[in-house]
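Have a look at the structure below before the remarks.
Nothing in this text is a laboratory measurement; each read-out follows from the coordinates by a stated rule. This one's a predicted model, so the numbers in the text were calculated from it and none came from an experiment. Methodologically, a virtual Cβ is constructed for each residue, glycine included, from the backbone with ideal geometry; neighbour enumeration extends over all protein chains shown.
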Amino acid sequence: GRAEALRDAIGVALRDAGFDAAPNTTLPGVHETNICNRTRTGEGVQLELPRSLRRTLAEDADMLERFSLAVRGAL
């Protein structure tokens, strides 16, 4: 999304929590019509999670909590 500072903060928080996180250059989500940018400020963040991570988070409550707390802490 267009909220670069927030994107970077979430990335740092996820890496600090032990997750592999990097800006997606293929799907940056920066177009103004992207749903993550359709806010009052015109900025947002879009997280692209691989299927393997989604599956693991669904099965591992501790990892899901660690992931959620990292993102929430960055907000």
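What is the gain in length, in nm to one decimal, between Asp16 and Cys36 on full extension, counting 0.36 nm per residue of separation less the C-alpha to C-alpha distance? Could the numbers behind the result be given before it?
Values: separation 20, 0.36 × 20 = 7.20 nm, distance 2.41 nm.
Additional length available on full extension: 4.8 nm.
Compute the normalised compactness of the range 20-64: alpha-carbon radius of gyration over 2.2 N^0.38 Å, N being the residue count.
Expressed relative to 2.2 N^0.38 Å, the Cα Rg reads 1.43.
Using the Cα centre of the range 4-74 as origin and beta-carbon charges of +1 (Lys, Arg) and -1 (Asp, Glu), tell me which of Phe19, Pro50, Asn37 is placed farthest towards the positive end of the dipole.
Positive-end residue among those listed: Asn37.
So how tilted is helix 4-16 from the main axis of the chain? Cα-based, degrees 0 to 90, rounded to 10.
Relative to the chain, helix 4-16 is tipped by roughly 10 degrees.
To the nearest 10 degrees, how steep is helix 61-74 against the longest Cα principal axis of the chain, on a 0 to 90 scale?
Result, in degrees: 30.
About the Cα centre of the range 4-74, what is the dipole size in debye to 20, counting +1 per Lys and Arg Cβ and -1 per Asp and Glu Cβ, all else neutral?
Using only the charged Cβ atoms, the result is roughly 180 debye.
Over the chain, what is the mean sequence separation of C-alpha contacts under 8 Å (at least six apart), divided by residue count, expressed as relative contact order in percent?
It comes to 41 percent, rounded to a whole number.
If you take the C-alpha gyration tensor of the chain, multiply each eigenvalue by 5 and take the square root, what semi-axes do you get, largest first, in whole Å?
23, 13, 11
Please return the longest stretch of the chain lacking exposed loop sites, where GluC sites (Glu not before Pro) count only if DSSP places them in a loop and at most 13 other Cβ atoms lie within 10 Å.
1-31
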